[in-house]
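K.L.:
Take this structure, written in structure tokens, and hold onto it; I'll ask about it next.
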Amino acid sequence: MPLVTRFDAQAAADFVSRYADAGPRRPDSKSFWRDLLTDVCGIPDLWNAGVVFDVPVRSVVTGRRLWMDVLWPGIMLVQQVGRGADLDRAEGQARECLASLPSDTRPPVIVVCDFQRVRFIEVRSGRSTEFEVSGLLEHLDVLVSVIRDTGRDPEQDDTGVRSVLELTLTASRAVPLSPVMPPLVPGSQPTDGGHLSNISALQADRIRAEDPIAAQYLRPFIGARELLNGLEGERWCLWLAEADPADFRSSTELRDRVAAVVEYRSLSRNAHIREDVSRAHVFFTVRQPLGACAVLPLLAPEKCAYVPVQVTDASSVPGNTVGVVSAAVRFAFAVTSSRAFRVWAQAVASQARPGKGLPVGLAYGNFPMPEVTAEQRLRLEKAWGLIRNARSHHMTSTLITLYTPVLVEQLTRAHGYVDVVMAEVLGVDRDATDDAIRDRLFELYAGYLSQEEGKVGRRARRRAESSRSSKMARP
């Protein structure tokens, strides 16, 4: 971890002008601390210094998820609150976060701040120093005493940073960390009391026999249970997103079921669901793929040797307990069917849901897939056919049966092909251990986070420079 070699008094004055005198607007916590550490304290590369923003941790007191605005292993933990908020309460939450951290990441100093006041607390001695942000110039010595390197063990620092990286794995992402990976979204969420989405095979047969109008809207429904246990034909739904309005007047089945959804949603405690009764004929959230897609359980059993993935088409309706990939389907299928992805999912599970299964959705969003060559992509896409063919020899077996506890020979060879290509992509030996694969994935993950943080920092600096220029231009 690099030493802090300078504290810029002029930058401190600019910082005070920008934040202490910001008026009623609410500053951004990340920009506040990035500007303080980069501009005032002279730390050019926060990521390489070990500074991580927005770090989640599971409370050892309540079990709920808490968030730290800044965590710098070996240096400080920052809890930021809104202007005028109670700093004592913020300190209590910061101490709860501190106690919940792995021992090798617990810093010796807690900082709480409301953009106007800042308090530094030495954890061991209990001594604290509090001052107004407007008085930063007079208290630079406090920053110096906290941030200057005092001969910490670099190896221990690296261990702490790795532990912090593991904590960040529990943060979900709407867009995958790696630009190589296509988006994964949850399937459609019914929130209908089962009236549209939980129709058994027997009920579906009855509808076909008694109500041909409603029958034309029946589709197989795929949740995680159906996917893993081979029950795709056992659960059906009425997919009415594009139904003809005249059919609701002609079909008793459709009218009765939609009326039941109206009643169910109107009794919800959630205001958004209650307000959605006008759309009672459709699922609460609609994310139906338009063509072929890869479907994988958002939470997979830990006993599975690989994450079970299936390719389906738009004739089925994936529910919100599965993830759906609609682009680069064969490529995504191969990557998520690899040993490397399974190792990564286990690393995420150790932080997010220990002992509760593999959080596949979280693992996918944070998976640090590196760039691949055209030839590597083609080889990975080929693996989809190999795995599909291997499964075809065991059509009566469910995915759970195929992947626990030991794979059959044909499937072992097919997945082995994927693993060879992925080892080449990741830059590890073909016979690398799970630990070696995990270490390499964390190296790639750290690189992606560093790039991400660098982009955010550059945008924030450009905004700050633009703001200062506009102020100087005013008469």
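The values are calculated or read from the model by the stated rules, or taken from the named source; none is laboratory data. Since this is a predicted model, take the numbers as computed values, not measurements. Here the Cβ is made from the backbone with ideal geometry for all residues, glycine too, and neighbour counts use every protein chain on show.
K.L.:
Hey, can you tell me all the residues within the stretch 226-252 that are among the charged types (D, E, K, R) and out of contact with any strand residue (DSSP E or B) (no Cβ under 8 Å at 6 or more places or on another chain)?
P.N.:
Correct list: 242, 244, 247, 249.
K.L.:
Looking at 175, 180, 185, which is the one that is within 30 Å of residue 53 (Cβ to Cβ), in contact with a strand residue (DSSP E or B) (Cβ under 6 Å, 6 or more places away or on another chain) and either surrounded by fewer than 21 Cβ atoms within 10 Å (Cβ to Cβ) or in the same structural domain as residue 73 (by TED's automatic domain parsing) (or both)?
P.N.:
Details: 175 fails: in contact with a strand residue (DSSP E or B) (Cβ under 6 Å, 6 or more places away or on another chain); 180 fails: in contact with a strand residue (DSSP E or B) (Cβ under 6 Å, 6 or more places away or on another chain).
Of 175, 180, 185, the one residue that is within 30 Å of residue 53 (Cβ to Cβ), in contact with a strand residue (DSSP E or B) (Cβ under 6 Å, 6 or more places away or on another chain) and either surrounded by fewer than 21 Cβ atoms within 10 Å (Cβ to Cβ) or in the same structural domain as residue 73 (by TED's automatic domain parsing) (or both) is 185.
A quick yes/no check of all residues on (1) touching a strand residue (DSSP E or B) at 6+ places or on another chain (Cβ under 7 Å); (2) not in a strand (DSSP E or B); (3) not assigned by TED's automatic domain parsing to the domain that holds residue 355:
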{"residue": "302", "(1), (2), (3)": "yes, yes, no"}
{"residue": "305", "(1), (2), (3)": "no, yes, no"}
{"residue": "311", "(1), (2), (3)": "yes, no, no"}
{"residue": "318", "(1), (2), (3)": "yes, no, no"}
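K.L.:
A further question follows. Please work out which one of (1) of a type in the set (Gly, Ala, Ser); (2) buried (at least 20 other Cβ atoms within 10 Å of the Cβ); (3) closer than 30 Å to residue 329 by Cα is the condition residue 230 fails and give its number.
P.N.:
(2)
K.L.:
Tell me which residues, restricted to the stretch 60-76, are over 15 Å from residue 32 (Cβ atoms) and not basic (Lys, Arg).
P.N.:
Scanning the stretch 60-76 gives 60, 61, 62, 63, 66, 67, 71, 73, 74, 75.
K.L.:
Given the conditions (1) without any contact (Cβ under 8 Å) to a residue 60 or more places away in the chain; (2) assigned to a helix (DSSP H, G or I); (3) basic (Lys, Arg), report the number of the one that residue 430 does not fulfil.
P.N.:
All conditions are met except number (2).
K.L.:
Among the residues of the stretch 107-123, write down those that are free of Cβ contacts under 8 Å to residues at least 24 places away in the same chain and within 25 Å of residue 165 (Cα to Cα).
P.N.:
122
K.L.:
Something else: Considering only the stretch 233-269, state which residues are buried (at least 17 other Cβ atoms within 10 Å of the Cβ) and under 30 Å from residue 400 (Cα atoms).
P.N.:
Matches in the stretch 233-269: 235, 236, 237, 238, 239.
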